[in-house]
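In what follows, a single structure is set out as structure tokens and then discussed.
The values are calculated or read from the model by the stated rules, or taken from the named source; none is laboratory data. Owing to the predicted nature of the structure, the values given are computational and were not obtained by experimental measurement. As a convention, Cβ positions derive from the backbone with ideal geometry for all residues, glycine included, and neighbour counts pool all protein chains shown.
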Amino acid sequence: MHVNIEEWRCEVISEDELFISLYSHLPKEIIIQRELLGFRP
């Protein structure tokens with residue numbers, strides 16, 4: 001299995017609208033994990 005890192009990061013970034021709309025309903029842990037996910041190599 002091969003994952004294109006740049007495409008994956010673009011996908012994570014493109015989900016911002018969804019997370020912004022759900023932000024007030026999500027636990028802080030999910031927000032933190034999502035942010036950390038974007039920084040993984």
Scan of segment 2-41 for residues that are at pLDDT 85 or above and in a loop (DSSP other than H, G, I, E, B), ordered by number | HIS2, VAL3, ASN4, LEU26, PRO27
Going by the structure shown, is VAL3 of a type outside the set (Ser, Thr, Tyr) and in contact with a Leu (Cβ under 7 Å, 6 or more places away or on another chain)?
-> no
